[in-house]
């Protein structure tokens, strides 16, 4: 029992390295295939759309509630890893790359929300702390391809995809072998097509879900455009000569310990309070971004991105905990999955909007649009006077 959480965390870390594996090599692919500068946004949207479709299918058919979550995790990890390798096919076309990223995202739906479902089957008291570790693993997994790219800079970009696929296989196998069904799991349920809507009938559930949706408007767009922010800084200040891959890893990865820390803080100060502070700080970062992203002080620029990286993700495990705590017990896995589905749908809109604005307005002011999400999240949290859970 003591090793269950570390195994889930490490496995989640390994498997979610698939998420931004395509992003880390997007510029290389675009150069090889002579694609335009918007390819990164399309690549990110493809895997997000795949994840959305996957979570919708998993939710409608209540997959993680009807079947062993550990087996679902394993098969999803293997299939996602195989489709991740698809990009390595010789003479591949851009449409095929987007299709493989879509399919990778589809089976990530059996990894990230199912990992949270497994954790909730083992831990009810202290769930916020557990999910802090779990979402922290997601963050580190998301950042990992940027680090691998920096480490294998002298090798072809395909090595990043080979590495992340191997890690996904290992993560899936560890969960299958060492994480049996949890003591709080309710299995053997019949299919109920509309079960994913049960949670939204509860006011408290709707409140925290909309808070999460606001958080998601900002999160993945920030992550997707971190390399762009760094590249733009290099263009404006060539003497800075920033290592984009390595810095992208550090900036995104810092969110990992931030999730763990916020999960621990929530045990003392309450989930709602810590989540409110986190989303409030990230909202300020969006609003103040024009003043810092083009600062002639490199130290100020990097410090700002680090603060933004911490605040943009620190509330994620707290929202997941509130959603799990307020979801109907019999369909907790399905509720987590459908909220993920809607949340990631929102990320596509946000990413594509920012991508569109690049040709329309001064790039210095683009990221202020991301403040829309945190503002909605804050309103949702503040309007609910009932949320006081500290676990």
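The values are calculated or read from the model by the stated rules, or taken from the named source; none is laboratory data. Predicted model, so just to flag it, every value in this text is computed and none were measured. No Cβ is skipped: glycine too gets one built from the backbone with ideal geometry, and neighbour counts run over all protein chains shown.
Please go through region 239-279 and give me each residue that is in a loop (DSSP other than H, G, I, E, B) and within 19 Å of the chain's Cα centre (by Cα), ordered by number. Spell out how you get there, then give the answer.
As a first pass, look at region 239-279 and keep what is in a loop (DSSP other than H, G, I, E, B): 241-243, 254, 270.
254, the sole residue that qualifies.
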- Got at least one residue in region 37-57 being touching a helix residue (DSSP H, G or I) at 6+ places or on another chain (Cβ under 9 Å), over 24 Å from residue 216 (Cβ atoms) and surrounded by fewer than 20 Cβ atoms within 10 Å (Cβ to Cβ)? yes
- Out of the residues in region 13-32 that are free of Cβ contacts under 8 Å to residues at least 40 places away in the same chain and either in contact with a strand residue (DSSP E or B) (Cβ under 8 Å, 6 or more places away or on another chain) or farther than 18 Å from residue 248 by Cα (or both), state the one that is surrounded by the most Cβ atoms within 10 Å (Cβ to Cβ). 30
- Item | Matching residues, region 58-69, being surrounded by fewer than 24 Cβ atoms within 10 Å (Cβ to Cβ) and modelled with pLDDT of 85 or more | 67, 68
- Among the residues of region 76-93, is there at least one that is at pLDDT below 95 and crowded, with 24+ Cβ neighbours inside 10 Å? no
- Task: For residues that are free of Cβ contacts under 8 Å to residues at least 24 places away in the same chain and under 18 Å from residue 231 (Cβ atoms), tally how many sit in region 275-299.
- Result: 2
- Item | Counted residues, region 138-165 - those being surrounded by 24 or more Cβ atoms within 10 Å (Cβ to Cβ), modelled with pLDDT under 90 and farther than 11 Å from residue 25 by Cβ | 2
- Quick one: residue 35 ticks every box in (1) part of a helix (DSSP H, G or I); (2) more than 21 Å from residue 116 (Cβ to Cβ); (3) in contact (Cβ under 8 Å) with a residue 40 or more places away in the chain bar one, so which box is it? (1)
- Take region 218-238 and flag every residue that is within 14 Å of the chain's Cα centre (by Cα) and over 23 Å from residue 284 (Cβ atoms). none
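Is it the case that region 167-174 has a residue that's assigned to a helix (DSSP H, G or I), under 16 Å from residue 22 (Cα atoms) and either out of contact with any helix residue (DSSP H, G or I) (no Cβ under 7 Å at 6 or more places or on another chain) or in contact (Cβ under 8 Å) with a residue 24 or more places away in the chain (or both)? Please lay out each step first, then the result.
Restricting attention to region 167-174, the residues satisfying the condition of being assigned to a helix (DSSP H, G or I) are 167-174.
Then drop every residue that is not under 16 Å from residue 22 (Cα atoms), which leaves 167-168.
This time we only want the ones that are either out of contact with any helix residue (DSSP H, G or I) (no Cβ under 7 Å at 6 or more places or on another chain) or in contact (Cβ under 8 Å) with a residue 24 or more places away in the chain (or both), so: 167-168.
Within region 167-174 (the criterion being assigned to a helix (DSSP H, G or I), under 16 Å from residue 22 (Cα atoms) and either out of contact with any helix residue (DSSP H, G or I) (no Cβ under 7 Å at 6 or more places or on another chain) or in contact (Cβ under 8 Å) with a residue 24 or more places away in the chain (or both)), the answer is yes, since at least one residue qualifies.
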- Task: For region 78-97, indicate whether the set of residues that are touching a residue at least 60 places away in the same chain (Cβ under 8 Å), touching a helix residue (DSSP H, G or I) at 6+ places or on another chain (Cβ under 6 Å) and either outside any helix (DSSP H, G or I) or over 26 Å from residue 24 (Cβ atoms) (or both) is non-empty.
- Result: no
- Checked region 3-35 for anything more than 19 Å from the chain's Cα centre (by Cα) and under 14 Å from residue 97 (Cβ atoms); matches are 27, 28, 29, 30, 31, 32, 33, 34, 35
